[in-house]
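To start, the structure under review is shown below, and the notes come after it.
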C-alpha cells in the first residue's frame, strides 16, 4: 500500500527545495546589497510572508502528493490532491498574513539583510517540510481507509 513512500525523506527534500527557493526569491525581491530591511514600506519584508507562504504551502502539498500517488495501490483522484493543495495554499495565505501583521510593527522597524535572509530560508524550509509531512500523512491515511473499505 505505502511501499516506497518515506514521509521523512520527502519532508527533508521539501525543506531543502523550499529553503533554496527562498534564497532565490529573497535575492530577487530584496537584492544582493546588505542593508537594513524594513518590515513595511518601502521594503515590505513582513508582507513578503504572504506570497512565500502561499507558494511554499501549495507546492509542498502538491508535488510530493502527486509523486507519492503513483506508488499507492488505492490512490485518490488527482482532483482530490489538487483541492487539498488549494486548501493548504489558503491556510498558507492566512499564516503569511498573520505573520505579516504580527511581526515588526512599532517594535521592530528594520532587520538586518543577513538576519532577514536566514529567517526567510528557515521559514520556507520548515514550512515546506511541515506541509509535505501533513499532506503525505493525509494522503496515506486516506488511501489506507479506502483500501479497508474494499
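Could you tell me how many degrees, from 0 to 90 and to the nearest 10, lie between the Cα long axis of helix 49-69 and the main elongation axis, the longest principal axis, of the Cα atoms of the chain?
Compared with the principal axis, the helix lies near 20 degrees.
Using only Cα atoms and rounding to the nearest 10 degrees, what angle (0 to 90) does helix 113-149 make with the longest principal axis of the chain?
Relative to the chain, helix 113-149 is tipped by roughly 20 degrees.
Nearest 10 degrees, 0 to 90: what angle lies between the long axis of helix 78-102 and the longest principal axis of the chain (Cα atoms)?
Roughly 20 degrees, rounded to the nearest 10.
Take 53, 40 and order them by how many other Cβ atoms sit within 10 Å, fewest up front.
Listed from fewest to most nearby Cβ atoms, that is 40, 53.
Got a sec? How would 10, 33 order by Cβ neighbour count within 10 Å, fewest to most?
Result, fewest neighbours first: 33, 10.
What number, rounded to the nearest 500 deg cm²/dmol, is the helix-based mean residue ellipticity at 222 nm of the chain, given -39500 (n - 2.57) per DSSP H run of at least four residues and division by all its residues? The partial results should precede the final answer.
On the way: 4 runs with 107 residues, N = 150.
After summing the helix terms and dividing by the residues of the chain, the value is -25500 deg cm²/dmol.
For semi-axes √(5λ) of the Cα gyration tensor in Å, the choices are (1) 35, 15, 10; (2) 20, 19, 17; (3) 39, 23, 13; which was calculated from the structure?
For semi-axes √(5λ) of the Cα gyration tensor in Å, the calculated option is (1).
Counting other beta carbons within 10 Å of each residue's own, what order do 48, 73 fall into, fewest first?
Working: 48 21, 73 12.
By the 10 Å Cβ count, ascending, the order reads 73, 48.
Each value in this text was obtained by applying a stated rule to the coordinates, not by laboratory testing. Everything numeric here is computed off the predicted structure, so don't read it as measured data. Neighbour counts run over all protein chains shown; Cβ positions are idealised from the backbone, glycine included.
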